[in-house]
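The values are calculated or read from the model by the stated rules, or taken from the named source; none is laboratory data. What you see is a predicted model, and the numbers here were worked out from it, not measured in a lab. For neighbour counting, all protein chains shown are included, and Cβ atoms are generated from backbone atoms with ideal geometry for every residue, glycine included. We work out accessible area using only protein heavy atoms, side chains counted, and drop any ligands, DNA or RNA first. Shrake-Rupley method; radii C 1.70, N 1.55, O 1.52, S 1.80 Å.
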Amino acid sequence: MSPVILAAQDPSLADFGHDPWWLVLIKIVFAFVFAVLATLLGVWFERRVVGYMQVRPGPNQVGPFGLLQTLADGLKMAFKEDILPRTADKVVFFFAPTISVVCAVTSLSVVPFGPMVSIFGHWTPLQVTDVSVAVLVLLACSSMGIYGIVLGGWASGSTYPLLGGLRSTAQMISYEVAMGLSIVAVFMTAGTMSTSGIVHEQAHGTRLNLFGADLQAPGWYAILLLPSFIIFFIATVGETNRAPFDLPEAESELVAGYMTEYSSLRFALFMLSEYVAMVTMSAVTTTLFLGGWRAPWPITMWAGANSGWWPMLWFFGKVILLVFVFVWLRGTLPRLRYDQFMRFGWKVLLPINLVWILVLSGLRSIEDWQTKDRLLATGIGAGVLLLATLFWPTRKKEPKPTVQEQVNSRPHGSFPLPPMDLQVPPSPRTVRVVAEREPANVVAGSDPSREV
């Protein structure tokens, strides 16, 4: 391979917009087929993994290893009766699940699957398109998917779907904030919001100057920006309505949430959108935090690991690993209560994210300072943070009143209380029966059989 080709392995913004129409169409079809096939295989993969965790076989009858079980389920849904509620808004009721699917698939348009390759003689990046604000495109697609849920609940013309849609919308918007703040740390470090540029910035380790010594930090932002990675992944689990955050489908509380009145193919589209969103967010997490299509160590010791079509293998491997984590969480953690879930998003993830961004921006702003000034500024900041943590006001719990105080505080005319010692008095009938069975002149401790 020529040196020019070697230098062109990493795509840039200048490499997009020059492909012929048929090549752009091929890329679009590939992204769509990837989303559909990944969804079909994702459902099968989840059933098999959860079955293994629960010591049961999972699907294993339809097709080899049960691979055609998901296809059979899709055909079953297609031939089911499509019920339309009488009070539903027919147009919105039809388009609501379509909005969720389209928004989830559109996110893949700015996800890089690989480097520059040759397709029928044309040198092109393995990515549909890229813009200077591609990260904002991802956030926009994720936010637009919320419309499908709230419109689906509203258009059903029923109380339970409406409540489920509103609750699901509040959930997704809450975790959208935490997810967006996590991405701030990424493009603050990378210096770009282009997805191909973010992957390029993770190609080599980051140089850190600590206490006057130059250190080679890891290139993956999952290690370099560990708090952002953890918060982002938790937010994606809540954003995709996956367990333990699957409150929209909490059937014990709201029947089936916003999907209560849906059936047949419309229900299948909502189910498809959830799995497409799971695969898409795994691909986005791989791009932003796990080096994208670049091979992990020690595969990078091979000179051709990041050239040609091999990077697609590393990319799909990382996506499958993240999908496995999604399934692992479902098979391990119980569902949270809604108040716990919202409190965790607003009172835990959001403050930690804000403090982390503040610390990261402070460290970035003093990179050019002298070593002594940098240490002094870092020490002062750490001291202020420690003092704020130690003296942060906490709400003291009010002492719990005793049982007697609770009894005394009851209003006049209340219902009678049961015994406070939880001991039920013996029944008078039981005492009378015992007295009739025993002779009255028997002395306690004597043997009646010896008396004359």
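Please state the relative contact order of the stretch 39-130 as a whole percent: Cα pairs under 8 Å, 6+ residues apart?
15
Which value in deg cm²/dmol, rounded to the nearest 500, describes the helix-derived mean residue ellipticity at 222 nm for the chain, given -39,500 (n - 2.57) per DSSP H run of n ≥ 4 and division by the residue count?
Value at 222 nm, helices only: -18500 deg cm²/dmol.
In whole percent, what relative contact order does the chain give with Cα contacts below 8 Å and a gap of six or more residues?
Dividing the mean separation by the residue count of the chain yields 18 percent.
With N residues in the stretch 87-204, what two-decimal value do you get for its Cα radius of gyration over 2.2 N^0.38 Å? All intermediate terms of the calculation are to be shown ahead of the outcome.
Details: Rg = 18.3 Å, N = 118, 2.2 N^0.38 = 13.5 Å.
Cα-based Rg divided by the globular estimate yields 1.35.
How big, in percent, is the set of alpha carbon pairs in the chain lying more than 32 Å apart?
54
When Rg is the radius of gyration of the Cα atoms in the stretch 115-157 and Rh is its Kirkwood radius, what does Rg/Rh come to?
On the Cα set of the stretch 115-157, Rg over Rh gives 1.32.
So for the stretch 91-154, averaging the separation of alpha carbon pairs under 8 Å that are six or more residues apart and normalising by length, what relative contact order in percent results?
In percent, rounded to a whole number, it is 49.
Using all Cα-Cα distances in the stretch 52-147, what percent lands in each 10 angstrom bin from 0 up to the longest?
Final binned percentages: 12, 21, 24, 32, 10, 1.
For the chain, which whole-number percentage of the solvent-accessible area (1.4 Å probe, protein heavy atoms only) is attributable to carbon and sulfur atoms?
So the carbon and sulfur contribution to the accessible surface is 69 percent.
Stick to Cα atoms and the Kirkwood definition of Rh, then tell me Rg/Rh for the stretch 220-376.
A ratio of 1.08.
Under the rule that an exposed site lies in a DSSP loop and has at most 15 other Cβ atoms within 10 Å, name the longest stretch of the chain with no GluC sites (Glu not before Pro) of that kind, not counting the sites themselves.
Of all site-free stretches, the longest is 82-366.
Rg (Å, one decimal) plus Dmax (Å, integer) for the alpha carbons of the stretch 1-108?
When restricted to the Cα atoms of the stretch 1-108, Rg and Dmax are 20.9, 67 Å.
Within the chain, what is the number of lysine pairs with alpha carbons under 23 Å apart, leaving out pairs fewer than eight places apart on the same chain?
Working: Lys27/Lys318; Lys80/Lys90; Lys347/Lys396; Lys347/Lys397.
Final tally of qualifying lysine pairs is 4.
Express the accessible area of the chain per residue in Å², computed with a 1.4 Å probe while the remaining protein chains stay in the model.
58
Above 24 Å lies some portion of the pair distances; for the stretch 292-407, what is it as a whole percent of all C-alpha pairs?
Of the Cα pairs, 66 percent sit more than 24 Å apart.
Using R₀ = 51 Å, calculate the FRET efficiency as 1/(1 + (r/R₀)^6) where r is the Cβ-Cβ separation of Val384 and Ala303; round to 0.05.
0.60
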